Amino acid sequence: MRMILVGPPGAGKGTQAARLIDTYGISHISTGDMLRAAVAEGTELGRKADGFMKAGELVPDELVIAMVIERIGKSDCENGFMLDGFPRTRAQAEALDRELEKAGATLDAVVLIEVPDQLIVERITGRRSDPQTGRIYHMIFDPPPEEIADRVVQRSDDTEEACVARLQKYHGETAPIVPFYEEKGILVRADGVGSPDEVTERIKTELEARR
Ligand code: ADP
Ligand code: ADP
């Protein structure tokens, strides 16, 4: 199973990916997580990406495309993968298509998690994660348990200002990839408003209906 999760920042892509990968036995590939790891390690890619990420801008296509193509060629992706946060531009979608075609592989589904803009800032500014497990929490909707509350961290780009910039990028650059996948007949729309459990059920129901 090869799948993509698309949606505005804070739509719940990471939250849903963590719940779905076990069901489908596939690898979770989050370009945001990979880029943050590169920044933390101070690699050449990390040094190039850092400023774009802090400002809520997209990291240039050529850097992200090369990173993803290398990643999906690894052995843990032979069974499939769930791409979270990639593609984010038309050029990325086309590059992924070309790469899969070369490998004789196809995409099974592109899941679009829909959440209205007015809910996004609250989701983003309340987001925290546990650096030890990577588990994502929300200070209001999914608060961390007391024993780990002291160690949860906030991403440096989860400010209201960077969130607004990311939302603009989403509407300007990422939303236009939706018709690209709709035309291929593999787009699955899922309402992202409701509890994480409800959203997971909606996605699974939609995916099962197409198998
Ligand atoms: P969110 O969880 O808010 O959707 P991500 O963790 O996916 O954000 O991404 C964080 C930042 O990493 C983005 O704002 C962007 O700077 C960069 N990034 C992640 N994926 C991509 C991509 N596919 N193309 C360009 N930049 C990306
Ligand atoms: P994305 O990967 O799309 O940026 P996340 O999965 O990181 O989104 O979720 C963003 C924030 O919203 C996190 O704090 C998460 O706990 C919270 N969240 C995720 N799904 C829901 C939901 N269905 N309802 C309320 N909050 C949610």
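Near ARG155, within a Cβ-to-Cβ distance under 12 Å, what is the net charge of the other residues, with Lys and Arg +1 and Asp and Glu -1?
Values: positive: ARG36, LYS54, ARG127, ARG128, ARG166; negative: ASP33, ASP157, ASP158.
Charge balance near ARG155 sits at +2.
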Practice task
May I ask you to work out the translational diffusion coefficient for the range 135-211 at 37 °C, viscosity 0.692 mPa s, via Stokes-Einstein with Rh from the Kirkwood sum over Cα pairs, reported in whole µm²/s?
Solution key: 209
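Assuming 0.36 nm per residue, please report the length gained on full extension of the stretch PHE52 to ASN79 beyond their Cα-Cα distance.
Working: separation 27, 0.36 × 27 = 9.72 nm, distance 3.25 nm.
Difference between extended and current length: 6.5 nm.
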Completion exercise
In Å, the C-alpha Rg and Dmax of the chain are 16.5, 49
Problem - In Å, descending, principal axis extents of the Cα set of the range 1-120 - result: 35, 35, 25
Handout entry: Sites ALA91 and ILE148, calculated FRET efficiency, Cβ-Cβ separation with R0 35 Å, nearest 0.05
Key = 0.35
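May I ask you to compute the full-extension gain from ARG210 to ALA165, defined as 0.36 nm times their residue separation minus their alpha-carbon distance, rounded to one decimal in nm?
Working: separation 45, 0.36 × 45 = 16.20 nm, distance 3.50 nm.
Contour length minus Cα-Cα distance gives 12.7 nm.
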Completion exercise
The FRET efficiency for PHE141 and GLU70, from their Cβ-Cβ distance with R0 = 35 Å and rounded to 0.05, is 0.50
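How large is the Rg to Rh ratio of the range 1-61 when both quantities use alpha carbon positions and Rh follows Kirkwood? Kindly include the intermediate steps, with their values, before the conclusion.
Values: Rg = 13.3 Å, Rh = 12.9 Å.
Here the Rg-to-Rh quotient is 1.02.
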Practice task
Mind giving me the nanometre distance, one decimal, between the label points for ALA175 and GLN118, set 7 Å out from Cα along Cα→Cβ?
Solution key: 1.6
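Based on the alpha-carbon gyration tensor of the range 48-119 and its eigenvalue square roots a ≥ b ≥ c, which shape applies: rounded if a/c is under 1.5, prolate if not and a/b is larger than b/c, or oblate? Present the calculation step by step, with values, prior to reporting the outcome.
On the way: a/c = 2.04, a/b = 1.34, b/c = 1.53.
Taking the square roots of the gyration eigenvalues as a ≥ b ≥ c, the range 48-119 is oblate.
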Handout entry: the range 100-149: proportion of alpha-carbon pairs further apart than 17 angstrom, %
Key = 58
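No value in this document is a laboratory result; all are computed from the given coordinates. No experiment lies behind these values; they were computed from the predicted model shown. Don't worry about glycine lacking a Cβ; one is built from the backbone with ideal geometry, like all the others, and counts go over all protein chains shown.
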